[in-house]
Amino acid sequence: MLKNVLASKHYVNPLVSMVYLVWSFYMIYSGMGFFVLVASIAISIYLGIARKLTILLLWVALPSFLILFLLYGLWDAAVTTLRIATIALAATTAFASPKPQHTAYMLYKIGVPPLIAYSHLYVYRFLQLLSYALSEAIDAAHGRGVRSRFKILMLLPIPLLVYTINTSTYLAEALYIKYPRREKTWVDKPGFRLVDILLVLYILTIFILYILGHDLLVLKLLTY
Amino acid sequence: MLVLENIWYKDIIRNVSLTHSKGILAIIGPNGAGKTTLLKIIAGSIKPDKGVVKTPKRIGASWQNPYYSFYRSTVREEVELAYKIAGKKGDPLELLRAYGLERLADKSPYRISMGEARLLSIALTLIWDPDLVLLDEPTTGLDYFEKGKLASILWGLGKPVIIASHDLDFILRVSDYVAVMHKGEILVYDHVFNVFYSRILEKIGFPLPPAVLVGEALGRRIRCAEECLS
Ligand SMILES: Nc1ncnc2c1ncn2[C@@H]1O[C@H](COP(=O)(O)OP(=O)(O)O)[C@@H](O)[C@H]1O
Ligand SMILES: [Mg+2]
């Protein structure tokens, strides 16, 4: 899942995703969650994380729906669950959409100390390596004929440990970014692309319609 | 019996079809051609976006980095573990001797050289008697003698093997069939000699192995001599 985060071609400008986050919460607060839902589903499909998010959402939404259903009945349970799900979706898509390098750049530019601005890059870099190592080690175990998941789990720590030591060069590289003068290799200046413009247009349209008055919205029936 | 039909995976594998049931098949191609990815699809660790994959159930594999497949503190224990996994009885030292590794029996598998580690990883893969063997870059780090050992082991194996490599000399020596891979596509899939004598390898920028060049030169001379005599 984390393999491609740093290299992915699908991302949103960090400024735009911040605007999107603020807008989402304002819209949900104003009972216009439907439009947030549409936007966040579109973004999650664009980012290619729709399936994972669905699974994640089921874990969040189903239990809360069941509890609310028992307490308040079907209608209230459905609306509240939908709201919770929308909030979760909006937040996840907003945080998952910008490229880490771009976020690091923004944080750095607004004066956040480099060490903090880059620290979330460490996390991405390291998780990326570890998930790669994990899949390689599992493939190797399968290749040697180890079938049972439990046995694989018992054997894995050793190659993983050795892997971490072997890849200390990568880690050293990650640590290297601590030095502010090296920032150029680890940050990217974000630009505005079609996807950003589309998202901003959508946000603005809904927002202006909302300001002009609810009655203009044909889809008002769908709001919750 | 391995059958791949119209496999697509992102833009790494493009419409690959392949069947293999007997002998040694080599997938050759430059770095980044998609060889490893194709092997991972065969091994079932990557699901292709499109296409049909039919494989035997038991697939043994030795991957690019052999050090991932070691768990024990000595080479001997590693072989014992492999016998245990396979549910077989065997003498670890005897097996190591077959691979020329017996002098490493009491060393840690993490402290032997890359070539030795690779041979060991291949040995461990073969112990559990899989129905199909995948070897990813098996000759990287092997010296001349180790390559010879590996070749003779592969000859005597008698089960389908798929090798991903760009070591043309070794491929010419051991393989029966060759599939040439370039930018995610299989350009040719044919008997090893047909592939080496076609001009396809030059087209994708591989130098022909000296043996092929010598063979061609000899062939031309023989023909020339025949023509002169007749
Ligand atoms: N997990 C991955 N995600 C995205 N691209 C990958 C991944 N693994 C490999 N690639 C890319 O796929 C291409 C083929 O890689 P690979 O199968 O390792 O080639 P080969 O083994 O022939 O050298 C390369 O361009 C590589 O960058
Ligand atoms: Mg490879």
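Bear in mind these aren't lab numbers, they're just calculated from the coordinates by the rules spelled out. Owing to the predicted nature of the structure, the values given are computational and were not obtained by experimental measurement. In this analysis, Cβ positions are derived from the backbone assuming ideal geometry, glycine residues included, and neighbour counts consider all displayed protein chains.
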Mean separation of Cα contacts under 8 Å, 6 or more apart, over the residue count of chain B: relative contact order %: 26
Among beta bridges that DSSP assigns inside region B:2-197, antiparallel share in %, nearest 5: 45
Starting from the Cα of B:Phe145, step 7 Å toward the Cβ, then list every residue of region B:168-186 with an amide N under 20 Å from that point. B:170
Specify the residue with the greatest mean-square fluctuation among B:Thr125, B:Thr74, B:Thr139, computed from a Gaussian network of chain B linking alpha-carbon atoms under 10 Å apart. B:Thr74
Find out how many positive minus negative residues lie around B:Asp176, taking Lys and Arg as positive, Asp and Glu as negative, among other residues whose Cβ is under 14 Å from that of B:Asp176. +2
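Can you sort A:Met106, B:Met181 from fewest to most other Cβ atoms within 10 Å of each residue's own Cβ?
Least to most surrounded, the residues fall as A:Met106, B:Met181.
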Treat each spin label as a single point 7 Å out from the Cα along the C-beta direction, and report the B:Lys50 to A:Tyr202 distance in nm. 2.6
Here FRET efficiency (C-beta to C-beta, A:Lys151 to A:Ile84, R₀ 45 Å, nearest 0.05) is 0.70
When each pair of different Cα atoms in region B:136-230 is counted once in the 1/r mean, what is the Kirkwood radius in angstroms, to one decimal? 15.1
Positive-end extreme of charge dipole, the protein assembly as shown - chosen from A:Tyr11, B:Asn15, A:Ser40 (charges on Cβ): A:Ser40
When the distances between all Cα atoms of the protein assembly as shown are binned every 20 Å from zero, what whole-number percent does each bin get? 19, 41, 30, 9, 1, 0
Please compute the modelled spin-label separation between A:Leu66 and B:Asp169, points set 7 Å along Cα→Cβ, answer in nm with one decimal. 6.5
Of B:Lys40, B:Lys147, B:Lys57, the most mobile residue in a GNM of chain B (C-alpha springs, cutoff 10 Å) is B:Lys57
How would A:Leu130, A:Leu58, A:Leu194 line up from fewest to most surrounding beta-carbon atoms within 10 angstrom? A:Leu194, A:Leu58, A:Leu130
Rounded Å value of the spacing that divides the Cα centres of region B:131-172 and region B:28-98: 13
Please compute the volume of the convex hull spanned by the alpha-carbon atoms of region B:2-197 and report it per residue in Å³. 109
What does the charge dipole of region B:121-164 about its Cα centre add up to, to the nearest 20 debye, if the Cβ of each Lys and Arg holds +1 and the Cβ of each Asp and Glu holds -1? 140
Using unit Cβ charges (K, R positive; D, E negative) and no other charged atoms, how large, in debye to the nearest 20, is the dipole of the protein assembly as shown about its Cα centre? 500
When DSSP beta bridges are limited to those with both residues in the protein assembly as shown, what percentage is antiparallel, rounded to the nearest 5? 45
To make sure I understand, if each residue's beta carbon is the centre and we count other beta carbons within 10 Å, what order do B:His182, B:His20 fall in, fewest to most? B:His182, B:His20
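Report, in debye and to the nearest 20, how large the dipole of region B:2-197 comes out about its Cα centre when Lys and Arg carry +1 and Asp and Glu carry -1 on their Cβ.
440
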